[in-house]
1. At 0.36 nm per residue, minus the direct Cα-Cα distance, what do Lys299 and Met29 gain on full extension? Give it in nm, one decimal, please.
2. Given a Förster radius of 45 Å and the C-beta distance between Tyr2 and Leu267 as r, what FRET efficiency does 1/(1 + (r/R0)^6) yield to the nearest 0.05?
3. What pairs in Lys159/Lys227; Lys159/Lys299; Lys256/Lys302; Lys98/Lys299; Lys256/Lys299; Lys151/Lys279 have C-alpha atoms more than 30 Å from each other?
4. Can you tell me which of His221, His260, His120 moves the most in a GNM of the chain? Springs connect C-alpha atoms under 10 Å apart.
5. Per DSSP H run of at least 4 residues, take -39500 (n - 2.57); add these up for the chain, divide by its residues and hand me the 222 nm value, nearest 500 deg cm²/dmol.
6. Read through the labelled values (i) 1.08; (ii) 0.96; (iii) 0.99 and report the label of the one computed as Rg/Rh (Cα atoms, Kirkwood Rh) from the structure.
7. What dipole magnitude, in Debye to the nearest 20, does the stretch 44-329 give about its Cα centre under +1 on Lys/Arg Cβ and -1 on Asp/Glu Cβ?
8. Enumerate the aspartates and glutamates that Lys167 could reach by cross-link, defined here as Cα to Cα under 18 Å, with residues fewer than 8 away along the same chain left out.
Amino acid sequence: MYINPIFNPNGDDSLENRSIWYGSPTNLMQLNDVRYSWAVSLYQQMRENFWIPQRLDITQDVTDYANLTPAERRAYEGILSYLTFLDSLQTCNIPHIKNSITAPEISLCMAEQISQEGMHNQSYQYIIETIIPSDRRSYVYEFWRTDSILKERCEFIAKLYQKYLDKPTSQNYFISLLADYMLEGIYFYNGFIYFYNLASRMLMPGSADIFKMINRDELSHVRLYQKLMSEAMMIFPHSTEQIYEMFATTVEYECKWTNHIIGNDILGITEYSTEKYTKYLANMRLKAIGLEPLYTDEKYNKSPYTHLERFGDTKKEGSTKANFFEATVTSYVMSSGVSGWDEI
């Protein structure tokens, strides 16, 4: 797979020769004339979405945590561990994907994504160090080591990325890119729903505020990979059957993990709703890249958690409207923080 040189003095940055992959740029960031204007807009949105986790008040959550049921506390800790893994993996993997991107405007988006993934991990650390008692913090950080289901989940995701590093072919690059799209578009959302569910019951509102901000970042990442996947499907060798197979396996693993850590033990979430929601998400992500839904039953055409959608929409706090389920971002503004839960 082609890797960008650090500097290519013989490169051609002209618009007609610019492409996402296999271009020959100088690697100077000439952004006065770009081919992919959507990437410039997306980058600006990502930058305007700047926020600092420590500015969000989570003091009430310390008291709420002590009052969670054992099942709620276990899910809270396990999901935090899982999300920490996901963003850690992205911080490590995205540079390998980015190395082959030859359009500077898209490279900028991926650089900003790397920064956001690192900040998300800082957010998880802020939550763990503030809310979780000191004698349980190591348990949360190391949950993936002691929980066989989560360890299996993490290893499955990592192996898809590692395959490209071990054998950097164009076929394996496509697999890694598709795995990125599934991670950004499917893996986070059962976790988000759990925190929004708690907030809807007046529990852990500070944690939900933080995840609302992370959710907003992830929407921009989904949008980026939707665009990349549509282009990649026209360039890299693959089969539609391969895409469907990877999505089906992803749904299977995601349902297995969510049912293991949440199951039927949390008010408002069931194994049935988890399956319905995860398959709904998979169908949405497939349709977004021009493919037919994998799950044809009509029940997978609608989310079972529409009543929680408002917790993923920061319109009230930051004058920002984000369609949580469609993963399209309509406007972003710089926000100094999140205030209040008057709508709960």
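1. Working: separation 270, 0.36 × 270 = 97.20 nm, distance 4.68 nm.
Result for the pair: 92.5 nm of gain on full extension.
2. Values: r = 51 Å, r/R0 = 1.14.
Computed FRET efficiency for Tyr2 and Leu267 comes out at 0.30.
3. Details: Lys159/Lys227 24 Å; Lys159/Lys299 32 Å; Lys256/Lys302 21 Å; Lys98/Lys299 37 Å; Lys256/Lys299 20 Å; Lys151/Lys279 22 Å.
Result: Lys159/Lys299; Lys98/Lys299 exceed 30 Å.
4. His260
5. On the way: 13 runs with 203 residues, N = 344.
Only helices count here, giving -19500 deg cm²/dmol.
6. After the calculation, the listed value that fits is (ii).
7. Values: 29 positive and 37 negative charges, 45 e Å.
Dipole about the Cα centre, nearest 20: 220 debye.
8. Of all the aspartates and glutamates, those that pass the test against Lys167 - Cα under 18 Å, at least 8 places apart if same chain - are Glu155, Asp180.
Any read-out appearing in this document is the output of simple, stated calculations on the displayed coordinates, not a laboratory observation. Quantities reported herein were computed from a predicted structural model and do not represent experimental measurements. All Cβ positions, even for glycine, are placed from backbone atoms using ideal geometry, and neighbour counts span all protein chains on display.
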